[in-house]
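A.B. asks: Next up is a structure, given as structure tokens.
A short reminder: the numbers here are calculations on the coordinates, not readings from a lab. Being a predicted model, the structure only gives us computed values, none of them experimental. Here the Cβ positions follow ideal geometry from the backbone for every residue, glycine too, while neighbour counts run over all protein chains shown.
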Amino acid sequence: MKEQKNCIPQLIIIYLLWGFNWVVMRSANTYFPPVLFVALRFTIGAAVLLIFLAFTHKLVPPREFLPWMMITGLMSMAGNNIIVQFTTIPLGSGVTAVLDYTMPLWTTLIAAAVLKEKLTLRKMAGVLITLVGLVVLMNVSIKGNYGAALLTICAAVIWAVSNILVKSKLKGCDMIQYTAWQMAAAAIGLDIFVLIFPQGPVDWQPMAIGALLYNGLLASAIAFVIWNYVLSNMEAGKASVAMMAVPAVGVLAGIIVLGEPMNLNRAVGMAAIIAGIIIVLTNKEKKE
């Protein structure tokens, strides 16, 4: 089996950028229609990365990689986000977040079948502990909206399949180049969507501009390059489980920045998520 790199520093950066973004998004949702905001953030992120590639003379990717860049962008960024934004209305943000973050479970299962990653009892236990921790953390329950719940799970599966495609079809690809074209495909798909289905007005306040720039530059352009690096250098299952810390950091950011209360549910949920991640990431597989 290929030696896995230590990606802890990169994961910490992702936790900080995407975790704090849970606070930023609360502000953004008061100024932007949700799908329009996602379209704008990816358009900015893609533009920044493509301009960088143009200056470094790496704008055009190898022909064999380009279709998979576009497909994964449309799946994990455009498709997943559109579904999640729509199901948030009947389900609420907490339930939607929990169901969308079942992605590590599906990634782990698909990676075992397609990529032949070992599916140990320890790894599955860690995945399930993180999912239970997320449910407790968000303090949610599904009441009657089973169609929307199933659709959100489908969004999580789409995200998981995209992760597997990255691992299997984009080996050796330049991470900035890949992220730029992946995000460009997502931006084009989302921009077409908002043109066909008008999303409503934007309240262009300074806070709105700040939230958009944070998402376009930091949470999109930089964070997705780092995430693709992590995904390329770790097992797909382990990398996806490591992402479960993002909601926990997001809730913690709300407590620190917004003064939200720390209650028993949140404390137990965070502890379970951290425990599950540690179990998975410290899972030492026996050599054949």
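A.B. asks: Would you work out if the range 161-229 is rounded, prolate or oblate? Take a ≥ b ≥ c from the square roots of the eigenvalues of the alpha-carbon gyration tensor; rounded if a/c is under 1.5, else prolate when a/b is larger than b/c, oblate otherwise.
C.D. replies: oblate
A.B. asks: In debye, nearest 20, what is the charge dipole magnitude of the range 101-236 about its Cα centre with +1 on Lys and Arg Cβ and -1 on Asp and Glu Cβ, if you could check? Mind showing how you got there, number by number?
C.D. replies: Working: 8 positive and 5 negative charges, 123 e Å.
In total the dipole reaches around 580 debye.
A.B. asks: Assign one of three labels to the range 31-130, namely rounded, prolate or oblate, based on the Cα gyration tensor with a ≥ b ≥ c the square roots of its eigenvalues; rounded applies when a/c is under 1.5, prolate when it is not and a/b is larger than b/c, and oblate otherwise.
C.D. replies: Verdict is oblate for the range 31-130.
A.B. asks: So, one more: Taking 0.36 nm per residue of sequence separation and subtracting the Cα-Cα distance, how much length would be gained by fully extending the chain between Glu64 and Ser27, in nm to one decimal? If you can, show how the numbers build up before the last one.
C.D. replies: Values: separation 37, 0.36 × 37 = 13.32 nm, distance 4.03 nm.
Result: 9.3 nm gained on full extension.
A.B. asks: Run lengths n ≥ 4 of DSSP H only: what is the helix-derived mean residue ellipticity at 222 nm for the chain, with -39500 (n - 2.57) per run over all residues, to the nearest 500?
C.D. replies: Mean residue ellipticity, 222 nm, calculated: -23000 deg cm²/dmol.
A.B. asks: Here's another thing I want to ask about it. Which listed residue (Pro34, Val166, Val98) has the Cα farthest towards the positive end of the charge dipole for the chain, taking +1 on Lys and Arg C-beta and -1 on Asp and Glu C-beta about the Cα centre?
C.D. replies: Val166
A.B. asks: Which distance in Å, rounded to a whole number, links the C-alpha centroids of the range 71-90 and the range 36-67?
C.D. replies: 19 Å
A.B. asks: What size of dipole, in debye to the nearest 20, comes out for the chain about its Cα centre when the only charges are +1 on Lys and Arg C-beta atoms and -1 on Asp and Glu C-beta atoms?
C.D. replies: 760 debye
A.B. asks: Here's a follow-up. Let's test this: bin the Cα-Cα distances of the chain at 10 Å from zero up to the farthest pair and state each bin's percent.
C.D. replies: All Cα pairs considered, the percentages come to 7, 28, 38, 22, 5, 0.
A.B. asks: Run the dipole for the range 40-163 about the Cα centre, Lys and Arg Cβ at +1, Asp and Glu Cβ at -1, nothing else charged, and hand back the magnitude in debye, nearest 20.
C.D. replies: 220 debye
A.B. asks: Here's another thing I want to ask about it. What ranking, highest mean first, results for peptides 31-40, 65-74, 256-265 when packing means the other Cβ atoms within 10 Å averaged over each residue?
C.D. replies: Output ranking for 31-40, 65-74, 256-265: 31-40, 65-74, 256-265.
A.B. asks: OK, next. Assuming 0.890 mPa s and 25 °C, estimate D for the range 80-188 with Stokes-Einstein, Rh taken as the Kirkwood radius over Cα pairs, in µm²/s.
C.D. replies: 161 µm²/s
A.B. asks: What helices in the chain pass both tests, a Cα length along the helix axis of 27 Å or more and a mean Kyte hydropathy of 0.0 or higher, using whole DSSP H runs? Don't skip to the answer; put the middle values down first.
C.D. replies: On the way: long enough: 8-28 (29 Å, 1.28); 34-55 (32 Å, 2.35); 146-169 (34 Å, 1.37); 175-196 (31 Å, 1.44).
Correct list, ordered by number: 8-28, 34-55, 146-169, 175-196.
A.B. asks: In whole percent, what relative contact order does the range 8-281 give with Cα contacts below 8 Å and a gap of six or more residues?
C.D. replies: Answer for the range 8-281 is 43 percent.
A.B. asks: Taking the Cα centre of each part, how many Å lie between the range 126-140 and the range 149-213?
C.D. replies: 25 Å
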